[in-house]
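Below: the structure, in structure tokens.
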Amino acid sequence: MTGMPVSVATAPTPVDPFATPVAAPSHFLHHLNPLTKIAAVVPAMVLLAFTRDLDTPLAFIALSYLLLLTGARLSRGVVALLFLAVPAGVALLTFGFSIWIDDTLVSDTPAVLRIGDWVLYEGALAIGLATALRLCAILALALIGGLTTNGPDLVRAAVQQLHVPYRVGYTALAAYRFVPRFGYELSVIRAAHRVRGAGGRWGGRGPIARLMRGWGYIVPLLASGIRHAERVALSMDARAFGAHPTRTERHLVPWRARDTVFLVALLAASAALFTLTWPWLAV
């Protein structure tokens, strides 16, 4: 068999199928240090918990959405979450919180809805809406880091910048990765049970049948988990995990100048929004 020789220039570049996709330079949030995105939003999240007005959470929701739309790589599911699920959740929370308000506190406001002896007042709706928007604003700020950071980079940054002991950081990361592993193992066990016809009289669709089938998954899932934990322990031991007080890193997550700029800019924007709205004067 003959063929054209493959030169170095024309040889295909090997691609790691398990590597994390690299975000475009325009998606700047993905290129920031994970600690930057946490430190920049935590002060605003704490102060938002003590606000009672409508303008402040709305301003922070707008700021968070602006950052996510301009600096993050968003899938269709995430866009649907931001523009459909979040408004629907705000509406549901507004109604839910408003019916828990003591009527004596808002009885001097106009009635919005009356069903028999029960009355929903405008003041109760306003308080419910403020509470729902406050929770939504805190969630939107959390999404800035949550949608643009992966777990391994967060652990690396905590070890490299905060000097968290690597024994703690990487052990927690290994435990966190057990969750998707258990999900995969559970799907394999379910498929094996279906192939073997396991389940017997509990092969129906009712809740009791599902509960009994789930009881049968416990032993094989526990055995699989123990085997996986043993392999992880042997792998970590083979790499001399914990043998030395420090450990070199193959993948560095440095703190760059752009991290400082983003942190200062977002803190300044948060301070400006709180100064403009000054929500603690609102009743």
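The values are calculated or read from the model by the stated rules, or taken from the named source; none is laboratory data. A quick note: this is a predicted structure, and the numbers were derived from the prediction, not measured. Here Cβ is always computed from backbone atoms with ideal geometry, including for glycine, and neighbour counts include all displayed protein chains. To get the accessible areas, we keep the full protein, side chains included, count just its heavy atoms, and leave off ligands, DNA and RNA. Shrake-Rupley method; radii C 1.70, N 1.55, O 1.52, S 1.80 Å.
For the reader, a short list of remarks on this structure follows.
- Sparse packing (at most 13 other Cβ atoms within 10 Å of the Cβ) combined with a DSSP loop state is found for the following trypsin sites (Lys or Arg not before Pro) in region 206-244: 239.
- Considering only Cα atoms, the convex hull volume of region 137-188 works out to 103 Å³ per residue.
- In nm, spacing of pseudo-spin labels at residue 235 and residue 50 (7 Å Cα→C-beta vector): 4.6 nm
- For residue 187 and residue 84, the difference between the fully extended length at 0.36 nm per residue and the C-alpha to C-alpha distance is 34.0 nm.
- Whether region 143-277 is rounded, prolate or oblate, judged on the alpha carbon gyration tensor where a/c under 1.5 counts as rounded: oblate
- Multiplying the residue separation of residue 244 and residue 135 by 0.36 nm and subtracting their alpha-carbon distance yields 34.9 nm.
- Projecting label points 7 angstrom from Cα along Cα→Cβ for residue 172 and residue 219 puts them 3.7 nm apart.
- On the basis of the beta-carbon distance and an R0 of 51 Å, residue 209 and residue 276 show a calculated FRET efficiency of 0.30.
- Shape of region 78-214, Cα gyration tensor, a/c cut at 1.5: oblate
- Structure-derived semi-axes √(5λ) of the Cα gyration tensor in Å - corresponding label in [x] 39, 30, 17; [y] 44, 33, 20; [z] 36, 20, 18: [y]
- Classified by the C-alpha gyration tensor, region 46-98 has an oblate form. Its axis ratio a/c, with a ≥ b ≥ c, is 1.5 or above, and a/b does not exceed b/c.
- Percentage relative contact order, the chain, counting C-alpha pairs under 8 Å, at least six apart: 29 percent
- About the centre of its Cα atoms, the chain shows a dipole size close to 1580 debye [charges on the beta carbon of Lys, Arg (+1) and Asp, Glu (-1) only; nearest 20 debye].
- Accessible area per residue for the chain, computed on protein heavy atoms with a 1.4 Å probe, is 66 Å².
- With Cα atoms, 0 to 90° folded angle of helix 257-277 axis to the chain main axis: 20 degrees
- With every protein chain in place, region 157-240: carbon and sulfur % of accessible area (1.4 Å): 66 percent
- Residue-level accessible surface for residue 241, protein heavy atoms, 1.4 Å, Å²: 50 Å²
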